[in-house]
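**Q** Next up is a structure, given as structure tokens.
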Amino acid sequence: MLRKKILPLILVSFCLLALPAQAAWKLPLKSRKAPAARHLPKSAMRHPNFIQREQISNLLHRRARKTYQQAVKLQQELPPSRGLTIGEPVRAIRRPNDMPTERVYADKPFLTSRHQTADYMVAQSNRLFIREVARMRQLWNELDKHLDELKQAAANTPQPADPIAWLARQIPADTSILFVGEMHGYGEIHEATAQLLGLLRQRHPTRRIVLLTEFLTEDFHYTADVPTDALHLPDFEGVWQEALSQHIEVIGLEPMHVMNDTCEMKYRSRDNGKMKTAPQWAHLEGVRLRNEAWVRTLEKYRAQDPEALFVVYSGAAHSMYNFPFTLSTALTKEVPFVATFYPETVFYLATNNWLISSLENAFIPLEEPLERMTHPDAFPQQTIHFQDPHLAKLAGFNVRVKLPISTQRYYRDHGF
């Protein structure tokens, strides 16, 4: 069974359709105004004493609350027909004492507790949401301007019987880093990724290929003698085993404190205005910090071998060209190619009082990010290839593949 932490990430990253929103969350201000930490000298921020720590805590909490209210107000103004890439207003981090470390920010010594770090991350995420909305308005306009070109390129894409074998032939020979971005939770996507690795080895029989992935901890090297119970996410083990059989090294990217974090964020859903929860590292500031850490790891291994083909396997939100903080544009010295894998249908668990809807009717067609940002029926093709670099950057990918999904396999894998 897939580990429980993956499914909430799916909801955060891929269920961002908008409906009219409700009123913003508000908390009454304390009657006694706490001293403002912004007036503390820099030396105090570097080495705060007890009183100064209290001042900093009060300031951070007020900032988290204020930025949440600002983000909600902006969220309510968004057109309901337009999808975002990623991001929602974050109200709070639940159970911050369970964070593996408060030292998330090495350059912020004034953060001396987990509660302070949580409030700081909340405020940062909400500020990023406000910036992201402005960026998305520009992206929506560009997509509208080039929509006919995008649709024509999609219509001209072949629809091969074996889309993964076809994909392998589309990757240019000078590609230095291949991003394989998935939607989490589907065994068919794991198998497609494993198949692609074998095809890459056939195309590059003597080249060093390194698979670097979100689904293993930072600098962890998978080997044939690693026991399954030592893996945080054992459902991906088949991919790692296929990589080893093709003489492809497998190295983790995810920082240990992220992988071990069981905290949740409370965020305001855009689809109905209700409060929901998700793993706390899925908010905008969490993704920014994770991507920055991954970039450092990728650059470290690149310095060791400038000629190797890197394959970065992660959630699509980390590498698509049009997402915030994306790896594919952060690594400016690389020659990237972005491929995204999605299921043709997704599982939708509707409820009616205490009863779960019929499983036979629970699968619905998937709307991936490009479709959400334009129109649900604009790109019905299973396979899409944007050969024009400008169109690829707008769409977020060079190639997109939607894979058929076995409902029975999904029920079995997820315990239904």
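**Q** Need one number for the range 118-212: average projected area of the convex hull over its C-alpha atoms, nm².
**A** Details: hull surface 39.7 nm².
Averaged projected area of the range 118-212's Cα convex hull equals 9.9 nm².
**Q** For the range 159-277, would you read off the P(r) tail past 25 Å as a percentage of all alpha carbon pairs? Numbers along the way, then the final one.
**A** On the way: 2423 of 7021 pairs.
Pairs farther apart than 25 Å: 35 percent.
**Q** Near the amide H of Glu344, under 5 Å away, which other amide H atoms are found, from residues 5 or more places off or on another chain, if H is placed in the peptide plane?
**A** Residues meeting the amide H criterion: Leu403, Ile405.
**Q** In nm, give the distance between the simple-model label positions of Val295 and Ala173, each being 7 Å from the Cα along the Cα-to-Cβ direction.
**A** If labels sit at Val295 and Ala173, their model points lie 3.2 nm apart.
**Q** Turning to a different aspect of this structure: For the range 115-130, just list the computed ³J(HN,Hα) in residue order, Karplus coefficients 6.51, -1.76 and 1.60, θ = phi - 60°, integers in Hz, with x standing in for Gly and Pro.
**A** 5, 4, 4, 5, 5, 4, 5, 4, 5, 4, 5, 5, 4, 5, 4, 4
**Q** For Asp162, what accessible area in Å² do you get when you roll a 1.4 Å probe over the heavy atoms of the protein chains, rounding to the nearest 10?
**A** 70
**Q** Collect residues whose amide H, placed 1.01 Å from N in the peptide plane, falls under 5 Å from the amide H of Gly315; neighbours closer than 5 in sequence don't count.
**A** Residues meeting the criterion, in which the H sits 1.01 Å from N, are Glu182.
**Q** Also, quick follow-up: Assuming R0 = 22 Å, can you tell me the calculated FRET efficiency for the pair Ala155 and Ile364, based on Cβ-Cβ distance, to the nearest 0.05?
**A** Working: r = 24 Å, r/R0 = 1.08.
Given R0 = 22 Å and the Cβ-Cβ separation, E is 0.40.
**Q** While we're on this one: At 1.4 Å probe size, what's the solvent-accessible area of His375? Round to the nearest 10 Å².
**A** Counting only protein heavy atoms, the figure is 100 Å².
**Q** Residue separation times 0.36 nm, minus the C-alpha to C-alpha distance between Ala303 and Gln138: what's the value?
**A** On the way: separation 165, 0.36 × 165 = 59.40 nm, distance 3.55 nm.
Here the segment from Ala303 to Gln138 would lengthen by 55.8 nm.
**Q** Based on the Kirkwood radius over alpha-carbon pairs, what is the Stokes-Einstein translational diffusion coefficient of the range 202-337 at 25 °C with 0.890 mPa s viscosity, in µm²/s?
**A** Working: Rh = 16.3 Å.
Value of D from the Cα-based Kirkwood radius: 150 µm²/s.
**Q** Moving on to the next point. Contour minus end-to-end for Glu237 and Tyr105, with contour as 0.36 nm per residue of separation and end-to-end as the Cα-Cα distance? It would help to have the intermediate numbers written out before the result.
**A** Numbers: separation 132, 0.36 × 132 = 47.52 nm, distance 3.17 nm.
Taking 0.36 nm per residue and subtracting the Cα distance, the gain is 44.4 nm.
**Q** Same structure, new question: Report the FRET efficiency, 1/(1 + (r/R0)^6), for Leu391 and His221, where r is their Cβ-Cβ distance and R0 is 30 Å, rounded to 0.05. Let's see the in-between values first.
**A** Working: r = 38 Å, r/R0 = 1.25.
Calculated value: 0.20.
**Q** Continuing with this model, one more query. By how many nm would the segment from Gln408 to Lys145 grow when fully extended, if each residue of separation counts as 0.36 nm and the alpha-carbon distance is taken off? Could you put the intermediate results ahead of the total?
**A** Details: separation 263, 0.36 × 263 = 94.68 nm, distance 4.14 nm.
Extending this stretch completely gives an extra 90.5 nm.
The values are calculated or read from the model by the stated rules, or taken from the named source; none is laboratory data. Quantities reported herein were computed from a predicted structural model and do not represent experimental measurements. When we count neighbours, we look across all protein chains shown, and the Cβ atoms used for this are built from the backbone with ideal geometry, even at glycine. Ligands, DNA and RNA are stripped out before the accessible areas are found, and what is left, the full protein with its side chains, is counted by its heavy atoms. Shrake-Rupley method; radii C 1.70, N 1.55, O 1.52, S 1.80 Å.
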